[in-house]
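What follows is a short report on a single structure.
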Amino acid sequence: MRDLVVFVADSTMEIVFNSFLSRADYHEHYNLNIRPIAFKSSEDLIRVPGNDPGVYGKGHEWVRERLGKHRHAVVVFDREFGTNLDADTLRDDLTNRILQTGWEAERFRVIVIDPELEAWMWQRNQKVATPLGFASVEEMVNSVIGAGLPWPNGHAKPARPKEALEAIARKRRIGWSAAIHRSITTNVSLVGCQDPTFLELRQALQLWFPRGAPQ
């Protein structure tokens with residue numbers, strides 16, 4: 001039985017998960033702080049058709065297929081996909097449907113990123129600023145604010161993460177592509193991401209794969 005299967009909504013999420021789980025140091029204390037796990041993107045990272053609505057609507061069917069094949073499962077999608085439902089409602093609904101397939105509650109997590117994946121990208125960190133073409137974190141923050149997007153003092157990320165990343169990509173003429181996400185997630189310390197949904201994921205992985213436990 002394999003350790004972990006991750007279901008994602010689109011190619012950008014696929015790149016982000018593949019980037020940080022394929023890092024040589026993904027398990028270290030400054031990243032996920034877990035024991036090394038057996039993870040192959042070709043077997044354990046699955047992009048569900050239909051993007052975020054597809055994951056929400058059919059995620060339980062995809063997870064059902066991995067019962068008895070994987071010890072743990074993570075299902076990830078964005079809250080913002082044309083629904084008025086809040087993140088908790090979306091998570092609880094899909095969680096209940098997965099429970100009905102026979103998966104035990106402690107063996108899987110449904111992660112609804114609120115509002116979207118880019119909330120995981122931002123940190124007041126030079127390893128975020130550099131791929132975006134900034135010489136300093138201060139320059140990066142000021143550029144986001146200068147684009148008309150709030151980034152309150154003391155907050156790790158802008159108020160509208162995706163809009164901020166799109167605005168910076170246009171302003172710096174670096175193009176909007178998943179390469180931006182890859183360049184950030186392959187370098188930045190994951191412990192610096194303070195988004196609640198990322199912390200939820202990290203805590204689940206630490207519970208399932210505690211550092212120092214036998215593989």
Provide the per residue accessible area, probe 1.4 Å, for region 149-215, rounded to a whole number of square angstrom.
53 Å²
Using alpha carbon coordinates only, what is the Rg to Rh ratio of the chain, with Rh defined as the Kirkwood radius?
0.97
Surface share of carbon and sulfur [accessible, 1.4 angstrom probe, percent] for region 27-101
44 percent
Would you mind checking the tilt of helix 196-208 against the longest principal axis of the Cα atoms of the chain, expressed as 0 to 90 degrees and rounded to 10?
40 degrees
Antiparallel versus total DSSP beta bridges in the chain: what percent is that, nearest 5?
5 percent
Which residues' amide hydrogens lie under 5 Å from the amide hydrogen of LEU45, considering only partners 5 or more residues apart or on another chain, with H built in the peptide plane?
VAL6
If each part is reduced to its alpha-carbon centroid, region 1-42 and region 93-125 end up apart, in Å, by 15 Å
Quick check on my link table: of LYS58/LYS127; LYS58/LYS157; LYS40/LYS171; LYS40/LYS69, which ones sit more than 25 Å apart, alpha carbon to alpha carbon?
LYS58/LYS127; LYS58/LYS157; LYS40/LYS171
Which net charge results for the neighbourhood of TRP120, defined as the other residues with beta-carbon distances under 12 angstrom from its beta-carbon, given Lys and Arg at +1 and Asp and Glu at -1?
-3
Add +1 for every Lys or Arg and -1 for every Asp or Glu among the other residues with Cβ under 14 Å from the Cβ of SER41, and state the total.
+1
In whole Hz, what ³J(HN,Hα) sequence does region 73-80 give by Karplus (6.51, -1.76, 1.60; θ = phi - 60°), x for Gly and Pro?
9, 10, 10, 10, 7, 7, 5, 7
Kirkwood hydrodynamic radius, computed over distinct alpha-carbon pairs, for region 1-53: how many Å, to one decimal?
11.8 Å
Excluding VAL110 itself, calculate the net charge of residues whose Cβ lies under 10 Å from the Cβ of VAL110, where each Lys or Arg counts +1 and each Asp or Glu counts -1.
0
Determine ³J(HN,Hα), in whole Hz, for all residues of region 89-103 in sequence, where each value follows from phi through the Karplus function 6.51 cos²θ - 1.76 cosθ + 1.60 and θ = phi - 60°; x replaces Gly and Pro.
5, 4, 4, 5, 5, 5, 4, 5, 5, 5, 4, 5, 7, x, 6
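The values are calculated or read from the model by the stated rules, or taken from the named source; none is laboratory data. Because the structure is predicted, anything quoted here is derived from the model rather than measured. Neighbour counts run over all protein chains shown; Cβ positions are idealised from the backbone, glycine included. In case anyone asks, the SASA skips ligands and DNA or RNA and just uses the protein heavy atoms, side chains included. Shrake-Rupley method; radii C 1.70, N 1.55, O 1.52, S 1.80 Å.
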